[in-house]
Every structure is written in structure tokens, then in C-alpha cells.
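**Student:** There's a structure below that I have some questions on.
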Amino acid sequence: MWWLFACGVVEPVPAPTPISAPSPTPSPRIQPVVAPDDGVSLMRSRPLGFTHHARCRMDCRHFDEGEVEEILKNGVVDPSRTRFDGKCPSYALEGTTSDGQHARMVFGACERNTPVITVIDLDTDWPCDC
């Protein structure tokens, strides 16, 4: 029978290749968990925007855009106030502004921009009608 192979009458049958299980693919319904540092890095790299509510709170609580940018740049994530259940994940960052205000500010980690959702002065309860 070997002469059939030698003469080219019969092609040799290749050795079977082992069948491996397909690699698991994540369900499209399962969203990966974003580490707080990753979300904050993304927010810092996107243009800043302000909700109407944030502008109102900034006005009555005496924060300006520069102070908001300071907290976004240097603030620390408060995990207990960070949420992933809305249109965009929201991160609460706390820190002290250059004029000494101890603040918590909530930012959205949206695809195209970083909206400021609200600003809070943690030391003073300013009267606000927003």
C-alpha cells in the first residue's frame, strides 16, 4: 500500500488537528467594570461641560470654573458617592480649592465630554434655590 503513496496515486491523509473549545466571548449585556482611576483619567482627557444645575450651584456656592477644573485635576474619588446606574457613570471627587474651599464635585464620564453635574461646599451650607 505504501507504493500508492510513493507513486502519488493516493494522497496522504493529514494528521487530525485537535479541536479546541471556542474562546468565551463576554455577553453583550455584561458591561466591564471601569476602575475609578480609569474613569477619572477619561474624564480629565475630555472637554468639560456644565449642566444648568451645576451652574446654579456654582453661583450660590461661590465656585468658579477654575476651581471646578482644580478638583477634576487633583480631587480624590469618593467611592461611596460614585454611581454607574445612569446615562453615564458619575464620579464624586473631593478636594480643596486654591482659595481653601473643601469641595465635593460630581462629574459624568460620558463618551464625548465631562459634564459637571453638581458642586458642593462641604464646610458651608450656602442658601441655594436651584
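**Student:** Which of (1) outside any loop (DSSP other than H, G, I, E, B); (2) at pLDDT below 90 is the odd one out, the single condition residue 29 does not satisfy?
**Tutor:** Here residue 29 meets the rest and fails (1).
**Student:** Right, something else. Within the range 38-65, which residues are surrounded by 14 or more Cβ atoms within 10 Å (Cβ to Cβ), outside any helix (DSSP H, G or I) and free of Cβ contacts under 8 Å to residues at least 60 places away in the same chain?
**Tutor:** 63
For (1) farther than 15 Å from residue 44 by Cα; (2) in contact with an Asp or Glu (Cβ under 7 Å, 6 or more places away or on another chain), each residue gets a yes or a no:
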| residue | (1), (2) |
| --- | --- |
| 63 | yes, no |
| 74 | no, no |
| 78 | yes, yes |
| 101 | yes, yes |
| 104 | yes, yes |
| 108 | no, no |
| 120 | yes, no |
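**Student:** Looking at this structure, is residue 112 at pLDDT below 95 and exposed (fewer than 10 other Cβ atoms within 10 Å of the Cβ)?
**Tutor:** Answer is yes for this residue.
**Student:** Within the range 10-22, identify whether any single residue is touching a Leu at 6+ places or on another chain (Cβ under 6 Å), exposed (fewer than 14 other Cβ atoms within 10 Å of the Cβ) and modelled with pLDDT under 95, and answer yes or no.
**Tutor:** Scanning the range 10-22 turns up at least one residue that is touching a Leu at 6+ places or on another chain (Cβ under 6 Å), exposed (fewer than 14 other Cβ atoms within 10 Å of the Cβ) and modelled with pLDDT under 95.
**Student:** Answer yes or no: is there a residue in the range 82-98 that is touching a residue at least 24 places away in the same chain (Cβ under 8 Å) and farther than 21 Å from residue 42 by Cβ.
**Tutor:** yes
**Student:** Let me ask something additional. Suppose we filter the range 66-94 for residues that are surrounded by 16 or more Cβ atoms within 10 Å (Cβ to Cβ) and in a helix (DSSP H, G or I); how many remain?
**Tutor:** Number of matching residues: 5.
The values are calculated or read from the model by the stated rules, or taken from the named source; none is laboratory data. Computed from a predicted structure; not experimentally measured. Ideal geometry is used to build each Cβ from the backbone, glycine not excepted, and the neighbour counts take in all protein chains shown.
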